[in-house]
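Peer 1: Structure below; questions to follow.
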Amino acid sequence: MEIVVLIKPVPEAETRLRPDRGGAELDPAGVKFVLAGYDESAVEQALLLKESAPGTTIRAVSLGPLARSEEVLRAALALGVDHATSVEEPPGVAHDPVQVARMLAFVVSRYSYSLLLGGKQSGDEGSGCVPSAVAEFLGVPDFGSVTDLKWDPIAGRFTFRQSLERTVLSVEAPPPVMIGLQQAWNDPRTAKLPMILRSRKAPIDRVPRAEVEALLARHPRPAVRAVSFRLPPPRMGARMIEYSSPQDAARKLVRLLTEEAKVL
Amino acid sequence: MESSRGSLVAESLEALPLARSLAGPSGEVLGVAPGPIPEAEAARVPADRIRVIDPAAPPGASTAGAAFSLVEAAQDSNASLVLVVGSARGRELAGRVAARWDAGLATGVTEIRPGTQGWTVVRPVFGGRATQELALEGRKAVVALRPHAFSPGSAPSTPPVIEHRAAPTLPPLATGGGVSAEAPVEAGSGPSLAAASIVVSGGRGLRSAENFHLVEELARSLGAAVGASRAVTDAGWRPASYQVGQTGQSVSPQLYVAVGISGAIQHLTGMMSSRVIVAINSDAQAPIFRVSDYGIAGDLFAILPALTEEIRRVRGGPSAPASR
């Protein structure tokens with residue numbers, strides 16, 4: 001089986017978010033971009049499938065500023081991914097999921113794959129629509145919010161569950177298929193030192209920026225422009241309810257939620 | 001619009017009044033239903049027309065077919081904006097429709113207004129820790145709405161005109177998949193997290209799995225979904241599907257009640273865009289109080305049963321069994 005995993009470099013979870021000087025974007029100064037969240041889980045899922053189906057190869061593909069995407073690709077290589085492709089992102093398209101998907105589909109289409117894996121959403125902007133847009137460009141079916149993904153070698157099908165808002169579906173799908181992974185392992189494997197060292201020297205296939213720029217030039221689109229990046233107004237801290245008994249606390253809270261916040 | 005078992009889901013009714021107000025008095029609103037819906041329901045929809053795609057795609061099909069029908073509807077009506085219900089499938093559908101229709105795209109949107117060109121939208125990012133404002137500058141845009149960010153409207157004075165369209169026949173390669181089983185979400189546990197307008201989550205402060213029922217009883221009294229912090233799912237008190245936070249579900253309900261949750265970034269990334277946050281914790285210094293609207297510091301084993309009882313009293317539900 002050949003698996004392609006799409007991974008996006010995102011700011012570390014503990015990053016202190018702040019707008020840049022223009023106020024339109026996150027200020028990237030001092031921010032460490034890492035493999036995290038659902039994308040990290042997608043890599044873990046690919047490795048689990050590889051362990052269950054010998055002969056499987058995994059290729060990770062990442063789009064972004066080169067230094068950032070190659071950093072997450074090296075993290076994936078250190079975890080046991082076999083091949084890596086970096087796609088240098090041209091300026092001005094980071095907020096346009098359709099152009100992002102177009103570039104990813106363009107690159108993925110040069111590989112053979114039975115499974116395309118991604119997180120159900122990225123850890124930063126979290127738009128959750130890139131996997132399905134990639135699938136649309138490639139003409140393959142896609143399934144999001146997926147857990148319990150397995151390969152059934154006898155039936156030649158993937159089996160998985162799709163956790164939707166009101167129902168959980170057990171689905172079987174033949175390859176090729178795009179899967180947006182809902183499942184997150186809180187403790188995915190960590191890379192071993194020899195693998196980290198080897199990943200530093202591992203080759204990464206690069207798609208030059210000129211190639212994707214030529215692609216985008218063939219499909220010009222009106223811009224998706226960042227207008228502002230704001231932090232929510234600092235919450236003033238909770239209004240602490242003073243009470244004489246648990247029943248008193250309950251009565252006061254219910255009254256506030258009903259009459260002031262109007263959420264009950 | 002989205003339906004579940006032949007009925008429109010509540011979030012569909014949030015998208016339509018918004019479409020009506022954005023279209024203005026001279027604009028037209030076309031609702032697209034992904035399968036037949038009852039006539040009484042259709043009459044409540046504030047649209048000029050409803051296009052019913054018949055037959056409905058089987059559950060478990062890829063969104064390719066729905067995307068095809070939606071793009072066809074957008075082209076037929078020369079639409080400038082396609083609003084999509086912001087469910088899990090809705091976001092997937094939005095990606096396909098925008099790719100196919102070559103339109104601007106934003107998901108998880110909480111505000112939308114006409115821009116100088118196209119549309120300006122606001123969406124929470126980083127799990128609600130920040131908001132992003134984007135200008136979609138083209139003539140065509142696809143926008144998936146954040147659930148509960150918009151109010152459902154009232155029924156129109158004139159019911160919409162219903163039209164029928166045949167579902168497309170797509171090559172199997174594009175649709176894939178078949179469903180072998182379908183189970184309603186967590187039977188008996190109330191609405192699922194992502195769709196719920198109230199969420200009650202429990203954390204380490206409950207001390208053991210045996211105490212978690214206190215959270216569930218409070219949730220039941222409120223008609224809320226039950227969530228948990230990572231500490232709870234890691235300890236196996238509840239399955240991973242309950243987890244709210246960075247590696248779990250992102251939620252944005254009207255009311256979020258955090259019980260015995262200290263407020264680690266892992267958890268805050270996932271619930272910070274809730275409209276009103278209530279924290280109940282024994283530690284008055286817990287960081288969760290800094291991001292909450294209302295706080296009760298104290299013994300949650302005494303406060304939770306009292307709160308459940310009070311909500312049942314106010315809502316006129318059955319009285320609670322004697323608290324332990």
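Peer 1: If you go through segment B:124-136 one residue at a time, how many are at negative phi and modelled with pLDDT under 95?
Peer 2: First, pick out the residues of segment B:124-136 that are at negative phi: B:124-125, B:129-136.
Next cut, modelled with pLDDT under 95 only: B:124-125, B:129-131.
So the count comes out to 5.
Peer 1: Is there a residue in segment A:3-17 that is more than 10 Å from chain B (Cβ to nearest Cβ), in a loop (DSSP other than H, G, I, E, B), of a type in the set (D, E, K, R) and crowded, with 24+ Cβ neighbours inside 10 Å?
Peer 2: yes
Peer 1: What number of residues in segment B:103-124 are surrounded by 20 or more Cβ atoms within 10 Å (Cβ to Cβ) and either without any contact (Cβ under 8 Å) to a residue 40 or more places away in the chain or outside any strand (DSSP E or B) (or both)?
Peer 2: Residues of segment B:103-124 that are surrounded by 20 or more Cβ atoms within 10 Å (Cβ to Cβ), as a first pass: B:103-109, B:112, B:118-124.
Next cut, either without any contact (Cβ under 8 Å) to a residue 40 or more places away in the chain or outside any strand (DSSP E or B) (or both) only: B:103-108, B:118-123.
Residues meeting the conditions: 12.
Peer 1: Any residue that is of a type in the set (G, A, S), in contact with a Ser or Thr (Cβ under 8 Å, 6 or more places away or on another chain) and crowded, with 24+ Cβ neighbours inside 10 Å - is there at least one of those in segment B:260-271?
Peer 2: yes
Peer 1: Could you please tell me which pairs satisfy a Cβ distance under 8 Å, a separation of 6+ or placement on different chains, a first residue in segment B:153-169 that is within 20 Å of B:E14 (Cα to Cα), and a second residue that is among the small types (G, A, S) and crowded, with 16+ Cβ neighbours inside 10 Å?
Peer 2: B:P156/B:A47; B:P159/B:A42; B:P160/B:G31; B:P160/B:A42; B:P160/B:A47; B:I162/B:A42
Peer 1: A further question on this structure: So, in segment A:206-226, of the ones that are facing chain B (nearest Cβ under 10 Å) and surrounded by 14 or more Cβ atoms within 10 Å (Cβ to Cβ), which residue ends up modelled with the lowest pLDDT?
Peer 2: Out of the qualifying residues, it is A:A223.
Peer 1: Can you pull out every residue in segment B:288-315 that is β-branched (V, I, T), at the interface with chain A (Cβ under 7 Å from one of its Cβ atoms) and within 30 Å of B:V109 (Cβ to Cβ)? So that I can check it myself, show each step before the final result.
Peer 2: First pass over segment B:288-315, keeping only residues β-branched (V, I, T): B:288, B:291, B:296, B:303, B:308, B:311, B:314.
In the following step, the residues that additionally are at the interface with chain A (Cβ under 7 Å from one of its Cβ atoms) were identified as B:291, B:296, B:303, B:311, B:314.
Result: B:V291, single match.
Peer 1: Being charged (D, E, K, R), buried (at least 21 other Cβ atoms within 10 Å of the Cβ) and farther than 19 Å from B:A98 by Cα narrows it down to one of B:R51, B:R20, so name that one. First the steps, then the outcome.
Peer 2: Working: B:R20 fails: buried (at least 21 other Cβ atoms within 10 Å of the Cβ).
When all the criteria are applied, what remains is B:R51.
Peer 1: Test each condition in (1) surrounded by fewer than 22 Cβ atoms within 10 Å (Cβ to Cβ); (2) within 11 Å of chain A (Cβ to nearest Cβ); (3) in a loop (DSSP other than H, G, I, E, B) for B:P147 and report the one that comes out false.
Peer 2: Among (1) surrounded by fewer than 22 Cβ atoms within 10 Å (Cβ to Cβ); (2) within 11 Å of chain A (Cβ to nearest Cβ); (3) in a loop (DSSP other than H, G, I, E, B), the lone unmet condition for B:P147 is (1).
Peer 1: A further question on this structure: Any idea how many residues of segment B:288-308 are buried (at least 21 other Cβ atoms within 10 Å of the Cβ), more than 27 Å from the chain's Cα centre (by Cα) and in contact (Cβ under 8 Å) with a residue 24 or more places away in the chain?
Peer 2: Residues meeting the conditions: 2.
Peer 1: Here is a follow-up. When you check A:P174 against the structure, is it under 30 Å from B:A106 (Cβ atoms) and at pLDDT below 95, yes or no?
Peer 2: Details: under 30 Å from B:A106 (Cβ atoms): no; at pLDDT below 95: yes.
Answer is no for this residue.
Peer 1: Please state which of the following conditions A:L197 fails to meet, knowing it meets all the rest: (1) within 8 Å of chain B (Cβ to nearest Cβ); (2) surrounded by fewer than 13 Cβ atoms within 10 Å (Cβ to Cβ).
Peer 2: Only one criterion is unmet by A:L197, namely (1).
Peer 1: Could you tell me which residue of segment A:227-263 is surrounded by the most Cβ atoms within 10 Å (Cβ to Cβ), considering only residues that are small (G, A, S) and closer than 20 Å to B:S273 by Cα? Full working, then the answer.
Peer 2: Residues of segment A:227-263 that are small (G, A, S), as a first pass: A:228, A:237-238, A:244-245, A:249-250, A:261.
If we keep only those that are closer than 20 Å to B:S273 by Cα as well, we get A:228, A:237-238, A:261.
Details: A:S228: 16, A:G237: 12, A:A238: 22, A:A261: 17.
Looking at the filtered set, the residue picked out is A:A238.
Peer 1: Filter segment B:60-113 for residues that are more than 21 Å from the chain's Cα centre (by Cα), of a type in the set (D, E) and within 10 Å of chain A (Cβ to nearest Cβ) and give the result.
Peer 2: The answer is B:D102, and nothing else.
Peer 1: Taking B:A88 as the residue in question, decide whether it is under 22 Å from A:R166 (Cα atoms) and modelled with pLDDT under 95. Walk me through how you get there before you give the answer.
Peer 2: Details: under 22 Å from A:R166 (Cα atoms): yes; modelled with pLDDT under 95: yes.
Spelling it out, B:A88 is indeed under 22 Å from A:R166 (Cα atoms) and modelled with pLDDT under 95.
Peer 1: Right, another one. Would you pick out the residues in segment A:25-56 that are in contact with a Ser or Thr (Cβ under 6 Å, 6 or more places away or on another chain) and over 20 Å from A:D82 (Cα atoms)?
Peer 2: The one that is in contact with a Ser or Thr (Cβ under 6 Å, 6 or more places away or on another chain) and over 20 Å from A:D82 (Cα atoms): A:V31.
Peer 1: Filter segment B:199-225 for residues that are at pLDDT 95 or above and in a strand (DSSP E or B); which is surrounded by the fewest Cβ atoms within 10 Å (Cβ to Cβ)?
Peer 2: Ranking the candidates gives B:V199 first.
Peer 1: OK, next. Quick check on my filter: what residues within segment B:231-287 are more than 9 Å from every other protein chain (Cβ to nearest Cβ), touching a residue at least 40 places away in the same chain (Cβ under 8 Å) and not in a loop (DSSP other than H, G, I, E, B)?
Peer 2: B:Y242, B:V244, B:Y256, B:V257, B:A258, B:V259, B:H267, B:L268, B:N281
Peer 1: Enumerate the helices (runs of 4 or more DSSP H) found wholly within segment A:24-143, keeping only those where 1 or more residues are under 22 Å from B:A106 (Cβ atoms) and touching a Pro at 6+ places or on another chain (Cβ under 6 Å).
Peer 2: Details: elements: A:37-52, A:66-79, A:97-108, A:130-138.
The qualifying helices (runs of 4 or more DSSP H) are A:130-138.
Peer 1: Now a separate question. Quick check on this structure: which one of A:R110, A:R59, A:R102 is surrounded by fewer than 18 Cβ atoms within 10 Å (Cβ to Cβ), more than 21 Å from B:A130 (Cβ to Cβ), of a type outside the set (S, T, N, Q) and at pLDDT 95 or above? I'd like the intermediate steps shown before the answer.
Peer 2: Values: A:R59 fails: surrounded by fewer than 18 Cβ atoms within 10 Å (Cβ to Cβ); A:R102 fails: surrounded by fewer than 18 Cβ atoms within 10 Å (Cβ to Cβ).
The match here is A:R110.
Peer 1: Does segment A:127-148 contain any residue that is hydroxyl-bearing (S, T, Y), more than 23 Å from A:G64 (Cα to Cα) and under 18 Å from the mean Cα position of the chain (by Cα)? Let's see the steps before the verdict.
Peer 2: Step one: filter segment A:127-148 for residues hydroxyl-bearing (S, T, Y), giving A:127, A:132, A:145, A:147.
Of the ones still in play, those that are also more than 23 Å from A:G64 (Cα to Cα) are A:145, A:147.
Pick out the ones that are also under 18 Å from the mean Cα position of the chain (by Cα) and you get A:145, A:147.
Yes, segment A:127-148 contains a residue that is hydroxyl-bearing (S, T, Y), more than 23 Å from A:G64 (Cα to Cα) and under 18 Å from the mean Cα position of the chain (by Cα).
The values are calculated or read from the model by the stated rules, or taken from the named source; none is laboratory data. This structure is a prediction, so every number in the text was calculated from the model and none was measured. Heads up, the Cβs are rebuilt from the backbone with ideal geometry, glycines too, and the neighbour counts pull from every protein chain shown.
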